[in-house]
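S.K.: Once you've had a glance at the structure underneath, I'll fire off some questions.
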Amino acid sequence: MRLSIITINYNNCKGLEKTLESISNQSTKDFEWCVIDGGSTDGSVEVLRKNESLITYWKSEPDSGIYDAMNKGIKAANGDFLLFLNSGDYLCESDVISKFYEYPGDEDIIYGDIMYETESGLRRIKSMSKQNLTICDFWIHTLPHQASFIKRTAFDKYGYYNEKVSVSADWLFYIKSIIIGGASYKHLDLAVAAMQPDGLSSKRTYSSEIVYLEELIPKRILCDIPKAVSLAEIQEVPFCGFIYKVLYRLASILKSMRHHSLNE
């Protein structure tokens, strides 16, 4: 099992250097690093040239957006698993890759947690760790691409990222692969990467992506998801969950009594 780290960059020289430092500090060098630059003019290309000994593959040319660049990275990568660590993101510790290699890697998607930069320091954000993820889970959350190790074959099977989408094509990919396609997945209790609060991942909204989701899920199902999400959230609150269960049980009893009386 070998890992490919894919980094996309466009005029973010300082962020690229931060990512580069964390990759160069890894205790194991048994991985490849592919960098896709969108034709930067801020010194990023010079940084890449100076560090070619660390980089397996890099290219600098204009692209049509972040997912066009990420798809280029997929095509260039040779690893069994891919990790998208974009410029500005960085691996939390020097042994992150070594710890990942300790796991068998049988699943299509193996994901850990991310660290989020705040004014008071790094805060760990726990990824969805349920045994069975549902469409309702993805309606309000997603898996962090900075902490997700995705099998190369999963992209061959479920398709690459939708380049028409601005900032949430990875969200759509998870729904297409996990929810619709039945891809296998596993959560690791491992803080993989840290992200900055001004990154694209912090700005994602899913409202504009519904039109693309309708290509995967019928409207008659999509329209009921917000209701299911609301009920699921209510049940997560201890007291509200208790009341909901009592009312549900009472409604079931009344329905049974009414059905019984009608049959008499």
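The values are calculated or read from the model by the stated rules, or taken from the named source; none is laboratory data. Bear in mind the structure is a predicted one, so any value in this text is a computation, not a measurement. Every residue, glycine as well, gets a Cβ built from its backbone with ideal geometry; the counts of neighbours run over all protein chains shown.
S.K.: So, of the residues in the stretch 108-159 that are assigned to a helix (DSSP H, G or I) and among the charged types (D, E, K, R), which turns out to be surrounded by the most Cβ atoms within 10 Å (Cβ to Cβ)?
M.R.: Asp137
S.K.: Still on this structure, please answer the following. Scan Asn9, Asn78 and give me the residue that is of a type in the set (S, T, N, Q) and touching a Gly at 6+ places or on another chain (Cβ under 8 Å).
M.R.: When all the criteria are applied, what remains is Asn9.
S.K.: Okay, next question. Under 9 Å between Cβ atoms, which residue pairs at least 6 apart in sequence (or on different chains) link something in the stretch 38-59 that is closer than 11 Å to Asn9 by Cβ and free of Cβ contacts under 8 Å to residues at least 40 places away in the same chain with a partner that is in a loop (DSSP other than H, G, I, E, B) and β-branched (Val, Ile, Thr)?
M.R.: Listed by first residue and then by second, the contacts come to Leu48/Ile55.
S.K.: Answer yes or no: is there a residue in the stretch 112-129 that is modelled with pLDDT of 85 or more, more than 13 Å from the chain's Cα centre (by Cα) and among the aromatic types (Phe, Trp, Tyr).
M.R.: Checking the stretch 112-129: at least one residue is modelled with pLDDT of 85 or more, more than 13 Å from the chain's Cα centre (by Cα) and among the aromatic types (Phe, Trp, Tyr).
S.K.: Could you pull out every one of the helices (runs of 4 or more DSSP H) wholly within the stretch 1-107 that has 3 or more residues that are modelled with pLDDT of 95 or more and more than 15 Å from Ala147 (Cβ to Cβ)?
M.R.: It comes to 13-24, 44-50, 66-76.
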